Amino acid sequence: MSEIIVNAVSREQGSSNEARRLRRAGKLPAVVYGGAKDSIAVTLEPRELLKILKSDSGQNTVFQVKIGDEGAAETVMVFDYQVDPIRHHLTHADLVRISMDKAIEVSVQLVFSGEPLGVKIDGGVLDQAMREVGVECLPTDIPESLEVDVSELEIGDSVRVVDIKLPPNVKVLIDEDTTLASVVPPVSEEDLEAPVEEVPFGEEVEPELVGEDEEGEADPDAKPEKEEGGDSE
């Protein structure tokens with residue numbers, strides 16, 4: 001694993017106005033925390049963090065953040081980040097300290113490989129129930145993705161967590177019987193074109209009245225139900 005170093009500058013934990021000023025200056029406000037140490041407010045070059053987030057390992061990338069010229073580099077990962085919904089620029093990042101000899105929990109993307117037999121031959125559809133799974137491992141063992149072979153699946157078949165070929169020292173955190181993907185039958189044209197029975201606008205459906213016979217006429221022999229709390233005569 002090649003070492004990635006991101007330079008940062010410490011800053012005072014300021015107001016939202018100060019954060020906006022930093023963003024206008026092309027800087028990214030961030031916080032480094034965790035590891036039984038105090039949190040440190042810093043600023044980063046946003047392009048350096050974008051390069052990490054767009055890499056193959058993405059948010060699971062382990063890298064070094066060096067705070068100031070004299071500061072020691074700390075091993076971190078991106079715990080969370082915010083993006084401006086209009087400009088799509090990074091607006092804030094949370095970096096969490098990690099220890100290389102302690103297992104951590106991360107989410108890893110699933111990559112489904114192969115074309116299922118049920119899709120290729122019978123026209124079925126691959127229904128992907130999950131896109132990623134949580135795993136536990138050392139930072140050096142985090143896989144970029146987990147491959148799931150679906151090429152042998154026929155209609156009605158599914159692939160589960162137990163079917164994943166895990167790298168050494170990687171543990172999946174969900175039940176091994178959890179379905180990851182399945183091949184379902186295709187939707188026929190008849191099903192798509194089947195009319196839906198609707199009540200015409202303005203037409204009311206009359207409720208069935210107690211005491212009516214099959215013809216809809218009132219039954220003269222039907223006895224009215226006794227109202228609770230009423231007086232008997």
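Bear in mind these aren't lab numbers, they're just calculated from the coordinates by the rules spelled out. Everything numeric in this text was worked out from a predicted model, so none of it was measured. Cβ coordinates were reconstructed from backbone atoms using ideal geometry, including for glycine residues, and neighbour counts include every protein chain displayed.
Taking 20 Å as the cut-off for C-alpha to C-alpha distance, list the pairs among 102/165; 51/102; 27/51; 37/66; 54/102; 66/171 that go past it.
102/165; 51/102; 54/102; 66/171
Among 63, 79, which comes first, then next, by fewest other beta-carbon atoms within 10 Å?
Least to most surrounded, the residues fall as 79, 63.
Taking each pair of distinct Cα atoms in the range 82-185 once, what is the resulting Kirkwood hydrodynamic radius in Å?
Hydrodynamic radius (Kirkwood, Cα only) of the range 82-185 equals 15.7 Å.
Report, in debye and to the nearest 20, how large the dipole of the range 5-97 comes out about its Cα centre when Lys and Arg carry +1 and Asp and Glu carry -1 on their Cβ.
Once rounded to the nearest 20, the dipole reads 360 debye.
Hey, what did the range 5-97 get for relative contact order, percent, Cα under 8 Å, at least 6 apart?
32 percent
Just the number, please: percent antiparallel of the DSSP beta bridges in the range 104-191, rounded to the nearest 5.
75 percent
Restricting to DSSP loop positions (anything but H, G, I, E, B) with no more than 12 other Cβ atoms inside 10 Å of their own Cβ, which trypsin sites (Lys or Arg not before Pro) remain in the range 45-109?
Qualifying residues, ordered by number: 54, 87, 102.
Share of antiparallel DSSP beta bridges in the range 5-97, in percent to the nearest 5?
70 percent
Show me the GluC sites (Glu not before Pro) within the range 36-108 that DSSP assigns to loop and that have at most 13 other Cβ atoms within 10 Å of their Cβ.
70
List 142, 121 from most exposed to least, where exposure is judged by having the fewest other Cβ atoms within 10 Å.
121, 142
Neighbouring Cβ atoms within 10 Å as the yardstick, rank 4, 40 fewest first.
4, 40
Quick check: residue separation of residue 115 and residue 50 times 0.36 nm, minus the Cα distance between them. What number comes out in nm?
Roughly 20.1 nm would be gained on extension.
Report the extension gain between residue 127 and residue 22 in nm, rounded to one decimal, defined as 0.36 nm multiplied by the number of residues separating them, less their alpha carbon distance.
33.3 nm
With label points built 7 Å along Cα→Cβ from the Cα atoms of residue 96 and residue 59, find their separation and express it in nm.
Going from the residue 96 label point to the residue 59 one covers 1.0 nm.
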